[in-house]
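Here the structure comes first, spelled out in structure tokens, and everything after it is commentary.
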Amino acid sequence: MAASKTGDGRTPVQIDTSKASIARVYDYALGGKDHFEADRQTIEAVRKVAPEVQLLAVDNRAFLIRALRFLASQTDVVQYLDCGSGLPTAENTHQVVQRLRPESRVVYVDNDPSVIVHGRALLEDNEQTVFTAADIFDPPSVLTDPTVREFLDFDEPIVLIHNGTIHHYDDPTRSPQDIMAEFVEALPSGSYVVVAHFYDPEDDDSALARRMEDVFVHSPMGSGVFRTMDEIQGLFPGLEMVEPGVAVCATWWPDGPLVKPLAPAQRCIAGGVGRKP
């Protein structure tokens with residue numbers, strides 16, 4: 001067990017290095033340095049059934065960056081609520097949008113102790129970006145959080161981001177679609193929602209998706225549900241989808257032509273962007 005201070009220097013944060021952290025597992029998959037043995041074991045276990053498993057994280061991040069560039073350049077929205085921000089990597093949400101729209105305001109939300117430590121430290125010198133700790137699967141805890149309410153104007157459109165998060169929610173008492181519906185209901189008209197999710201394509205790649213799911217769920221991380229297209233589309237309730245709708249992440253407005261076939265694992269993560277009328 002490692003102890004560290006949060007970026008504000010007040011509250012000690014306990015980091016249990018014996019258990020895998022979702023944020024640190026993604027960090028390892030993206031080639032970062034903030035991870036421990038339990039985190040590495042999770043990816044290496046999945047690698048045995050899907051050698052290109054790290055591409056799930058790579059495509060997830062690349063999709064987010066492209067979606068953010070679209071939103072910052074093609075819409076007038078300058079407020080972002082990033083749920084499950086994860087550990088700092090290259091091209092974080094605030095870096096992408098503030099490069100194009102310096103006035104953009106970003107609130108990161110996470111409750112992973114590792115993220116709390118790094119997130120607050122990273123943002124100490126950025127007055128347009130803040131971090132707060134809350135349960136991203138409990139909409140009221142996010143939507144009533146004082147930092148969120150003080151920093152964002154809910155009378156103006158907001159971009160809500162749940163990128164690579166909801167597939168780690170699997171509580172039978174409430175559906176992920178209900179969680180997203182509660183978030184969407186609280187957003188002003190003209191807001192946007194960005195979601196990327198592990199995907200069961202219900203075709204020849206379905207068996208691979210389910211093998212990866214089985215390893216993720218039984219790994220030290222303990223979560224990672226691959227949902228169908230209908231289930232993922234249900235995460236955008238009542239929204240007008242930006243073309244092409246929910247699609248495999250690597251094919252959602254790619255930066256250039258796809259000149260080589262997608263690896264099987266790349267066909268098992270999908271994302272989309274929707275607008276609230």
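The values are calculated or read from the model by the stated rules, or taken from the named source; none is laboratory data. Since this is a predicted model, take the numbers as computed values, not measurements. Cβ placement follows ideal geometry from the backbone for every residue including glycine, while neighbour counts extend to all protein chains displayed.
A compact table of results
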{"read-out": "Subset of the range 52-87 [polar (S, T, N, Q) and either part of a strand (DSSP E or B) or touching a strand residue (DSSP E or B) at 6+ places or on another chain (Cβ under 6 Å) (or both)]", "value": "Asn60, Gln79, Ser85"}
{"read-out": "Residue match in the range 110-122 (condition: assigned to a helix (DSSP H, G or I), touching a helix residue (DSSP H, G or I) at 6+ places or on another chain (Cβ under 6 Å), buried (at least 19 other Cβ atoms within 10 Å of the Cβ) and at pLDDT 90 or above)", "value": "no"}
{"read-out": "Out of Glu213, Glu231, Glu185, Glu202, sole residue that is without any contact (Cβ under 8 Å) to a residue 40 or more places away in the chain, over 19 Å from Ala67 (Cβ atoms) and crowded, with 17+ Cβ neighbours inside 10 Å", "value": "Glu213"}
{"read-out": "Close pairs from the range 38-60: first over 15 Å from Ser223 (Cα atoms) and surrounded by fewer than 18 Cβ atoms within 10 Å (Cβ to Cβ), partner among the charged types (D, E, K, R) and at pLDDT 70 or above, Cβ under 6 Å, at least 6 apart", "value": "Val49/Arg211"}
{"read-out": "Filter pass, Ala186 being at pLDDT 95 or above and closer than 24 Å to Val215 by Cβ", "value": "no"}
{"read-out": "Top-ranked residue of the range 28-37 - restricted to ones that are modelled with pLDDT under 70 and farther than 13 Å from Phe216 by Cβ, ranked as farthest from the chain's Cα centre (by Cα)", "value": "Phe36"}
{"read-out": "Residue satisfying all of: in the range 70-109; in contact with an Asp or Glu (Cβ under 6 Å, 6 or more places away or on another chain) and of a type in the set (Ser, Thr, Tyr); modelled with the lowest pLDDT among these", "value": "Ser85"}
